[in-house]
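Only one structure is covered here, and it is reproduced in the block below.
The values are calculated or read from the model by the stated rules, or taken from the named source; none is laboratory data. Not measured: the values here are computed from a predicted model. Backbone-built Cβ (ideal geometry, glycine too); neighbour counts: all protein chains shown. Quick note on the areas: whole protein, heavy atoms, side chains included, nothing else; ligands and nucleic acids left out. Shrake-Rupley method; radii C 1.70, N 1.55, O 1.52, S 1.80 Å.
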Number of protein chains: 2
Amino acid sequence: MTETFAPAVDSAVDPSYDPRTGAQHGSVSHTAPEQVAEILRRAQGAASQLADTSPATRQGWLTTIAESLRTHEDELVQLAGEETGLGADRLRGELAKCATSTDFYGAVAAEGSYLGASTEVIGGDSTLSRWNIPLGPVAVFGASNFPFGFGVIGHDVASALGAGCPVIVKAHPAHPRLSMRLAELVSNALNRAGAPAGSYALVVGFDAGLQLVDASEVTAVAFTGSQGGGMALVQRAAARGVPVFAEMGTVNPVFVTTDAAADTAGIAAGFVGSFTLGAGQFCTKPGLLFAPAGAGIFEEVLARLSQAPRAPLLTAGIACGYRAGVAQLIEAADVAGNVTPTVVTGETPTDPADGYVAAPQAVLVRLEDLHPGSRLLGECFGPVALVCEYEDTGAALDALTRLQPSLVASVFTSGPGDPESAEVVRRLLGQVGRVALNAWPTGVATSWSMQHGGPWPATSRSDATSVGAGALGRFVRPVAVQNAEPAHLSDALHPDNPWRVPRRIDGRLTLPTL
Amino acid sequence: MTETFAPAVDSAVDPSYDPRTGAQHGSVSHTAPEQVAEILRRAQGAASQLADTSPATRQGWLTTIAESLRTHEDELVQLAGEETGLGADRLRGELAKCATSTDFYGAVAAEGSYLGASTEVIGGDSTLSRWNIPLGPVAVFGASNFPFGFGVIGHDVASALGAGCPVIVKAHPAHPRLSMRLAELVSNALNRAGAPAGSYALVVGFDAGLQLVDASEVTAVAFTGSQGGGMALVQRAAARGVPVFAEMGTVNPVFVTTDAAADTAGIAAGFVGSFTLGAGQFCTKPGLLFAPAGAGIFEEVLARLSQAPRAPLLTAGIACGYRAGVAQLIEAADVAGNVTPTVVTGETPTDPADGYVAAPQAVLVRLEDLHPGSRLLGECFGPVALVCEYEDTGAALDALTRLQPSLVASVFTSGPGDPESAEVVRRLLGQVGRVALNAWPTGVATSWSMQHGGPWPATSRSDATSVGAGALGRFVRPVAVQNAEPAHLSDALHPDNPWRVPRRIDGRLTLPTL
């Protein structure tokens, strides 16, 4: 079956396919090694210039990028639709959020807490001052599933620029033409806003990506995608000590308490809506729902699933992987002596002329089959989810904490009086980066308090987040200067606080005067 | 020569040697695998209890430990002297600093910024709250050279406890009897202060250490020691995504500007004092001094070195390594066609009956021989340093930035008017974690603004520090809860702020009312 979808491989280009039809529309050439080398040189040349800019200056660059995205909304949504099949509504929403996020990272930079500025007398007339400096050029490996959110633009790019790092993006092969156009818009915006040449560049092709990871100029890597891809980058970069912030994703659980299960219809509807959103291609997709036995949630899920829309997956490879993954889940559930899993809306088509349309699926699994290493627990990218009906809350929680850690979990409760909710949240916080109460996990707010990153192997660095204010912290490191003169210090520590940032003076946190 | 110093290996014990005489005085048994397993189980059991304590409670535990250290000062200094030969003054000073630091980490915990508490409305009636939780049991691998500063007690232990993590220490084989006694004092102090059983334990032996690194209960590793040891731990723990904070150390440079070289005698005296301090067994030892040609600094160094005291190294292995390392440096300098390096105070003795006494050494090297990969640039642990006399400041700075990054650098200037200082500091900040102006690098203050950690491979994580307020940040990770009820939140985010910590409310940083 694999061959059906396998495009002819031309090692010099990324072909552009329409997932809705399987048809190819043009292609984009790979970046040659010598071009990548030149891009790296220019990024390194820009690094010290970026490090010398004020956060407010970089906020201006990000604002200009956000404006450009809004100006070109129709064109970008059209182009993204042709290469992702995600639909205009979703893409319009994602682009709007991306523009808002880009502005947000500028505001976070300007607020200045990320600088960690601190100065003190350490005895006699000795002083010690500490602040965060940008690492230098950052390589960003974008995701297939968020053409605007994680890639050529989006969280990684905006937070790295906000932190003062030049960015080189490796285009995802799922949307090469969109990547080229977005990179052009970003480059033009940065030029207009006065950013140094070399602040931003795009490379295309697998080999170009490897060249970035191996390049001495690259000081950090941000990646969003599969566990296989992320782990490969982590290992490759480890040899020279370069941090890789890989947001990989595993199976995100949902826990429905005994009392919450009364709303069977509401939960089933919400679950189906969440795990089929964007054809199930979210790293925050709820992949495994625990519900009390007897509440009839699986039946209700099946009933709703048969009405769920069928949407194309992003690429032929993802469609192949989805078919194989669903077959494996069904086989694993069968082998485990389970009830026969229900395949709801028929087979995912195998003829590429139909595009990469996927049928949503749900599989009922038994609690005792959810053990580490079970094939039921590998992430299957696409609109499929498991349901586990539990008899005993304690046993269900024990099973839950044996799963691989994940980015996020949802908990549904009957409200503040629910006797189970505190213990469920407590147990889940040991397993995940975020717990959403009475909310589905697929919504990720770009805000000061967001944590988008869970324990390994959901991400490579559980202390990092790829969304929210904390995202800038990935791309800086602290330095200290003892007995500094003003010329040696960041402006964040100049006596008159020209950047108006929070600072720690002699051990006491101080806020800028307004 | 190696055999001369190699003790008879008994795989079941760590023998205790007196470096001043080479004589063995007793030994300490290795911890058996089943004992290590039980220690791990108890640590994991304690983890959630520690996570539920307030920072002020843990501050009380740390204060009790510090008091115990002060109470037992004479006994501990005596015992440490027998196993390290570091001398009573140094050990008394190190123990006093350790007690002060232990108190400091308690104060940092209580201040509460490390919790990163933040809460906000994210649209409609949805809220999002984020704070840092302790990782869980931390394994600490202590250093040979700081029996009080980095090991059974000291920066790693106190910052991990302060952050709310149980600690299991692997004793360094250089001081097994001291380790046992210190661990007993710490355990007793924690018991008295009411800390949960399992909050702290010591294991002895190489295999016990490996068992910790591989244990599913261990969530982070802190290591201070050689590059070889640190890298081995980093690789071993990478397979299961456990962070290893390895503070390894490389060659720390000192740069003397053209104008500063006028004080030839002062710089030479300070340099010799700094690189022979503690028999040169500091990760912050200045290993390579750049001075303007013609100032006569190397001659002055030689003159002072001949008067420098000869002190024993910590272990037979270190003494062997030092002799081999010095021979290698001299050979490398010779092969490079340099002036004949000067060996100042005669050979380090090879008879273990003389103890592990080392002769301080200084080697003159040429700028052009300081290239990456040169054998001149490996760290040689002990009282040896290189001097490079430069003709051209720019060329010297270029050479400097081709070195391996390091923990710290010192810069000597003629004062605020020195035209070279800003550029020298700027270049160095790309290479190190800390720059000390007109101060030697060996002094490391435990304070809010300290950064003790440089770019890879000086440390495994350039964003981390093993000394100072930032040290707690290694042992926590952020979590977010959406739509949390009070029962789901850390007390750091309760409306009445019972812990009186800084918090970000709706995006705005707020300080506790006094």
Candidate set: the range A:432-459, residues that are among the hydroxyl-bearing types (Ser, Thr, Tyr), more than 7 Å from chain B (Cβ to nearest Cβ) and part of a loop (DSSP other than H, G, I, E, B); chosen: the one surrounded by the fewest Cβ atoms within 10 Å (Cβ to Cβ): A:442
If you go through the range A:193-241, how many residues are over 30 Å from residue A:285 (Cα atoms) and either within 14 Å of another protein chain (Cβ to nearest Cβ) or of a type outside the set (A, V, I, L, M) (or both)? 15
Filtered residues of the range A:4-35 (kept if open to solvent by less than 60 Å² (accessible area, probe 1.4 Å), at pLDDT 95 or above and closer than 16 Å to residue A:209 by Cβ): A:13, A:14, A:28, A:30, A:31, A:32
Every residue in the range B:133-157 that is within 11 Å of another protein chain (Cβ to nearest Cβ), surrounded by fewer than 24 Cβ atoms within 10 Å (Cβ to Cβ) and either under 13 Å from the mean Cα position of the chain (by Cα) or not β-branched (Val, Ile, Thr) (or both), please. B:136
Restricting to the range B:379-395, name every residue that is open to solvent by less than 40 Å² (accessible area, probe 1.4 Å) and either in contact with a Lys or Arg (Cβ under 8 Å, 6 or more places away or on another chain) or outside any helix (DSSP H, G or I) (or both). B:380, B:382, B:383, B:384, B:385, B:386, B:387, B:388, B:390
Filtered residues of the range B:445-467 (kept if farther than 11 Å from residue B:407 by Cα and not hydroxyl-bearing (Ser, Thr, Tyr)): B:445, B:448, B:450, B:461, B:463, B:464, B:467
Residue identified as at pLDDT below 95 and touching a Gly at 6+ places or on another chain (Cβ under 8 Å) among A:279, A:303: A:279
So residue B:181 fits all but one of (1) within 14 Å of chain A (Cβ to nearest Cβ); (2) open to solvent by 40 Å² or more (accessible area, probe 1.4 Å); (3) in contact with a helix residue (DSSP H, G or I) (Cβ under 8 Å, 6 or more places away or on another chain); what number is the exception? (1)
Of all residues in the range B:466-487, count the ones that are within 9 Å of another protein chain (Cβ to nearest Cβ) and touching a residue at least 60 places away in the same chain (Cβ under 8 Å). 12
Any residue at all in the range B:280-290 that is open to solvent by 10 Å² or more (accessible area, probe 1.4 Å), of a type outside the set (A, V, I, L, M, F, W, C), out of contact with any Leu (no Cβ under 8 Å at 6 or more places or on another chain) and not in a helix (DSSP H, G or I)? no
Name every residue in the range B:19-29 that is touching a residue at least 24 places away in the same chain (Cβ under 8 Å) and either in the same structural domain as residue B:178 (by TED's automatic domain parsing) or in a strand (DSSP E or B) (or both), in order of residue number. B:25, B:26, B:27, B:28, B:29
Looking at the range A:472-494, which of its residues are within 14 Å of residue A:131 (Cβ to Cβ) and over 30 Å from the mean Cα position of the chain (by Cα)? A:480, A:481, A:482, A:484, A:486, A:488, A:489, A:490, A:491, A:492, A:493, A:494
With (1) in contact with a Phe, Trp or Tyr (Cβ under 8 Å, 6 or more places away or on another chain); (2) open to solvent by 10 Å² or more (accessible area, probe 1.4 Å); (3) at the interface with chain B (Cβ under 7 Å from one of its Cβ atoms) as the list, and residue A:463 as the residue in question, which single condition is left unmet? (1)
Of all residues in the range A:486-514, how many are closer than 20 Å to residue B:429 by Cα, open to solvent by less than 80 Å² (accessible area, probe 1.4 Å) and not charged (D, E, K, R)? 7
Quick count over the range B:36-56, residues being without any contact (Cβ under 8 Å) to a residue 24 or more places away in the chain and open to solvent by 60 Å² or more (accessible area, probe 1.4 Å), is 2
Among strands (runs of 3 or more DSSP E) lying entirely in the range B:191-253, which contain 2 or more residues that are farther than 26 Å from residue B:64 by Cβ and open to solvent by less than 10 Å² (accessible area, probe 1.4 Å)? B:244-247
For the range B:254-266 the number of residues that are surrounded by 24 or more Cβ atoms within 10 Å (Cβ to Cβ) and away from chain A (no Cβ under 14 Å) is 1
Would you mind stating whether residue B:428 is at the interface with another protein chain (Cβ under 7 Å from one of its Cβ atoms), open to solvent by less than 10 Å² (accessible area, probe 1.4 Å), touching a strand residue (DSSP E or B) at 6+ places or on another chain (Cβ under 6 Å) and farther than 30 Å from residue A:447 by Cα? no
Restrict the check to the range B:396-406 and report whether at least one residue is crowded, with 24+ Cβ neighbours inside 10 Å, at the interface with chain A (Cβ under 8 Å from one of its Cβ atoms) and modelled with pLDDT of 95 or more. no
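Filter the range A:111-132 down to residues that are part of a strand (DSSP E or B) and at the interface with chain B (Cβ under 7 Å from one of its Cβ atoms) and give me whichever is surrounded by the fewest Cβ atoms within 10 Å (Cβ to Cβ).
Start the filter on the range A:111-132 by keeping residues that are part of a strand (DSSP E or B), which leaves A:118-121, A:127-132.
Now drop any that are not at the interface with chain B (Cβ under 7 Å from one of its Cβ atoms), which leaves A:118-120, A:128-130.
On the way: A:118: 29, A:119: 24, A:120: 20, A:128: 25, A:129: 22, A:130: 29.
That would be A:120.
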Residue count for the range A:407-421, restricted to those that are within 12 Å of residue A:397 (Cβ to Cβ) and open to solvent by 10 Å² or more (accessible area, probe 1.4 Å): 1
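Mind checking which residues of the range A:386-401 are out of contact with any Phe, Trp or Tyr (no Cβ under 7 Å at 6 or more places or on another chain) and within 21 Å of residue A:334 (Cα to Cα)?
Our first condition is that a residue be out of contact with any Phe, Trp or Tyr (no Cβ under 7 Å at 6 or more places or on another chain); within the range A:386-401, this holds for A:386, A:391-395, A:397-399, A:401.
Result: A:386, A:391, A:399.
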